[in-house]
Amino acid sequence: MQRSTERILTTHVGSLPRPRDLLQMTFARDRGEPYDERAYESRLGEAVAEVVAAQARVGLDVVDDGEFGKAGFMHYVNQRLAGFEPGAAPRAGNPFAASREFRAFPEYYASVGLGTAGPAAKAPRLTCTGPITYKGHAELERDIANLKRALAGVGVREAFMPAVSPSNVEEWQRNAYYASSDEFVAAIADAMRTEYKAIVDAGLLLQIDDPRLVTYYNVTPEATVADCRRWAERRVEVLNHALRGLPRERIRFHTCYGINIGPRVHDMALKDIVDLMLRVNAGAYSFEAANPRHEHEWRVWRDVKLPDGAVLIPGVITHSNVMVEHPETVADRIVRFAEVVGRENVIAGADCGFGTFAGSEEIQERIVWAKFEALAQGAALASARLWGRARS
């Protein structure tokens with residue numbers, strides 16, 4: 001994993017808005033409806049090449065395929081894990097409708113319709129009815145090949161590929177086979193290891209997407225912080241089991257508070273989970289640091305020792321509002337982290353993905369690219385400050 005040795009490098013979380021002509025085929029494929037498979041595969045390869053080139057043009061250094069081959073960052077595993085069958089009805093309404101935030105601000109969520117079905121609610125949800133194994137080799141090899149072909153014509157530093165954590169699959173799918181939730185999540189981890197290893201073996205950085213590490217508190221109102229820490233500790237152990245033997249310097253870990261653009265007063269504080277996050281066998285840690293609820297948490301790193309060789313990827317642009325950050329604001333955020341953990345230990349990132357479910361436009365596409373431009377410009381300003389100061 002490259003580091004910011006000469007300037008602040010830039011990246012993002014992974015998911016990006018899909019082209020509209022690709023979306024219709026993605027929806028049909030995800031729902032098991034008829035579609036032109038040859039046309040889909042051809043357009044997918046083209047779209048990945050386009051989005052990789054677009055990331056390079058706006059100045060991102062560490063890029064991905066936008067997760068264009070997936071209908072969603074989480075439920076794409078429907079097509080990659082055996083042992084599951086249809087049997088659980090799609091969720092009624094928003095999957096976070098029982099969260100602390102929905103309970104605290106019911107009038108807001110009713111007024112904007114966030115209690116009704118959206119892309120996440122409509123996504124197919126399956127039930128585990130037998131032993132879980134990995135069957136997604138063809139889809140995974142296709143995604144890796146598309147990304148590597150796209151990289152051949154652009155000048156970027158590195159590329160990463162996201163893969164969902166076992167605990168998020170555990171939360172999304174139903175279990176009707178394993179005797180306990182512990183056995184269920186362990187079986188998911190064993191199967192997902194195939195995907196994790198293949199991404200690393202292909203020469204790409206592996207990014208583990210694990211929003212549930214911090215959202216579990218919000219969506220489990222009866223749980224205390226101590227309860228959530230006990231829950232998270234076991235999930236980190238399971239994830240590390242799936243990552244065993246893989247070089248930590250090729251792994252990024254991402255957690256966030258989800259895609260809810262709404263009032264937030266119940267997010268789990270970084271200080272209450274940071275030590276468990278840093279137990280993940282990763283070389284870089286990506287987390288929210290730009291939205292107004294969490295921007296102050298850069299101070300946490302004054303008292304937390306970063307593991308040897310590790311890198312922070314704080315979000316310095318956010319998905320939580322449509323405001324395009326000023327590059328000077330982005331630079332200020334980067335410099336604060338650099339002054340605490342060292343400039344070489346910081347890569348500028350985003351709070352969350354911008355297209356976590358196909359067809360979901362948390363932030364409209366033109367705004368996403370404007371935010372990325374601000375990210376790259378802010379990183380350049382921060383680099384001038386940090387390296388200029390070092391030479392003076």
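The values are calculated or read from the model by the stated rules, or taken from the named source; none is laboratory data. Because the structure is predicted, anything quoted here is derived from the model rather than measured. Every residue, glycine among them, receives a Cβ derived from its backbone with ideal geometry; neighbour counts consider all protein chains shown.
Structure summary
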item: Glu295 vs. criteria out of contact with any Cys (no Cβ under 6 Å at 6 or more places or on another chain) and more than 29 Å from Val330 (Cα to Cα); result: no
item: Residue in the stretch 54-76 that is aromatic (Phe, Trp, Tyr), farther than 27 Å from Leu9 by Cα and in contact (Cβ under 8 Å) with a residue 60 or more places away in the chain present; result: yes
item: Residues that are more than 24 Å from Phe354 (Cβ to Cβ) and among the hydroxyl-bearing types (Ser, Thr, Tyr), drawn from the stretch 1-40; result: Thr5, Tyr35
item: Selected residue (criterion: surrounded by the fewest Cβ atoms within 10 Å (Cβ to Cβ)) from residues of the stretch 78-92 that are at pLDDT 55 or above and either part of a loop (DSSP other than H, G, I, E, B) or of a type in the set (Phe, Trp, Tyr) (or both); result: Gly87
item: Among the candidates Tyr257, Tyr178, Tyr217, residue that is touching a residue at least 12 places away in the same chain (Cβ under 8 Å) and over 19 Å from the mean Cα position of the chain (by Cα); result: Tyr178
item: Matching entry among Ala187, Ala242 (being more than 27 Å from Arg3 (Cα to Cα) and crowded, with 21+ Cβ neighbours inside 10 Å); result: Ala187
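Results for (1) modelled with pLDDT of 95 or more; (2) touching a helix residue (DSSP H, G or I) at 6+ places or on another chain (Cβ under 8 Å); (3) not in a loop (DSSP other than H, G, I, E, B), shown as yes or no for each residue.
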site: Arg7; (1), (2), (3): yes, yes, no
site: Gly14; (1), (2), (3): yes, no, no
site: Phe27; (1), (2), (3): no, no, yes
site: Ala39; (1), (2), (3): yes, yes, yes
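Every residue, every condition in (1) touching a helix residue (DSSP H, G or I) at 6+ places or on another chain (Cβ under 9 Å); (2) among the hydrophobic types (A, V, I, L, M, F, W, C), yes or no:
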position: Asn175; (1), (2): yes, no
position: Phe184; (1), (2): yes, yes
position: Val214; (1), (2): yes, yes
position: Glu233; (1), (2): yes, no
position: Glu237; (1), (2): no, no
position: Thr255; (1), (2): yes, no
position: Ile259; (1), (2): yes, yes
